[in-house]
1. Give the total of Lys-Lys pairs in the chain with Cα-Cα distances below 17 Å; include a pair only if its members are 8 or more places apart or on different chains.
2. Restricting to DSSP loop positions (anything but H, G, I, E, B) with no more than 13 other Cβ atoms inside 10 Å of their own Cβ, which GluC sites (Glu not before Pro) remain in the range 1-77?
3. Please report, in Å, the Rg and the Dmax of the chain, where both are computed over Cα atoms only.
4. Over the chain, with every protein chain in place, what whole percent of the accessible area is carbon and sulfur at 1.4 Å, could you tell me?
5. Would you compute, from DSSP H runs of 4+ residues alone, the mean residue ellipticity of the chain at 222 nm, taking -39500 (n - 2.57) per run and dividing by the full residue count, rounded to the nearest 500?
6. Under a GNM of the chain (C-alpha, springs under 10 Å), which listed residue has the highest mean-square fluctuation: Asn50, Asn64, Asn29?
7. Using DSSP to call loops (not H, G, I, E or B), can you name the trypsin sites (Lys or Arg not before Pro) in the range 25-60 whose Cβ has at most 10 other Cβ atoms within 10 angstrom?
8. Return the sequence-ordered ³J(HN,Hα) values of the range 76-86 in whole Hz as given by the Karplus equation 6.51 cos²θ - 1.76 cosθ + 1.60 applied to θ = phi - 60°, using x for Gly and Pro.
Amino acid sequence: MMADEKKVLRLLKTARGQLDGIIRMVDENRYCIDIAQQVAATEAILGRVNKEILSAHLKHCVQNADDEQARAEKIDEFVLTLDRLLK
């Protein structure tokens, strides 16, 4: 992985902490809207993780592909991943 590993790990650990908090909120039967807001905040962090990873993929893996065929394959793979993410 060519993404900034420290940044990705920091974001993932933050998301994990938020998930633990959401689980506690559900266990405590907290207000639905408060839970939903925390879920959205966690999704936003995970989106930032994906952005970091995909950006690094484009800047390193795609850009530094050995030849045009390898580059085309990596671009196709990237487009498929975007398709899955944007559904």
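The values are calculated or read from the model by the stated rules, or taken from the named source; none is laboratory data. Keep in mind that what you see is a predicted model, and the values were worked out from it rather than measured. Virtual Cβ from ideal backbone geometry, glycine too; neighbours counted across all protein chains shown. Side chains included, ligands, DNA and RNA excluded: accessible areas come from the protein's heavy atoms. Shrake-Rupley method; radii C 1.70, N 1.55, O 1.52, S 1.80 Å.
1. Values: Lys6/Lys51; Lys7/Lys51; Lys7/Lys59; Lys13/Lys51; Lys51/Lys59; Lys51/Lys74; Lys51/Lys87; Lys59/Lys74.
For the chain, the number of qualifying lysine pairs is 8.
2. Working: sites: Glu5, Glu28, Glu43, Glu52, Glu68, Glu73, Glu77; in loops: Glu28.
Answer in residue order: Glu28.
3. Cα radius of gyration and Dmax of the chain are 17.1, 56 Å respectively.
4. Details: 3650 of 6670 Å².
Here it works out to 55 percent.
5. On the way: 3 runs with 66 residues, N = 87.
Value at 222 nm, helices only: -26500 deg cm²/dmol.
6. Per the Cα network of the chain with a 10 Å cutoff, Asn29 tops the list.
7. Numbers: sites: Arg30, Arg48, Lys51, Lys59; in loops: Arg30.
Here no loop site has a sparse enough neighbourhood.
8. Couplings: 4, 4, 4, 5, 4, 5, 4, 4, 5, 6, 8 Hz.
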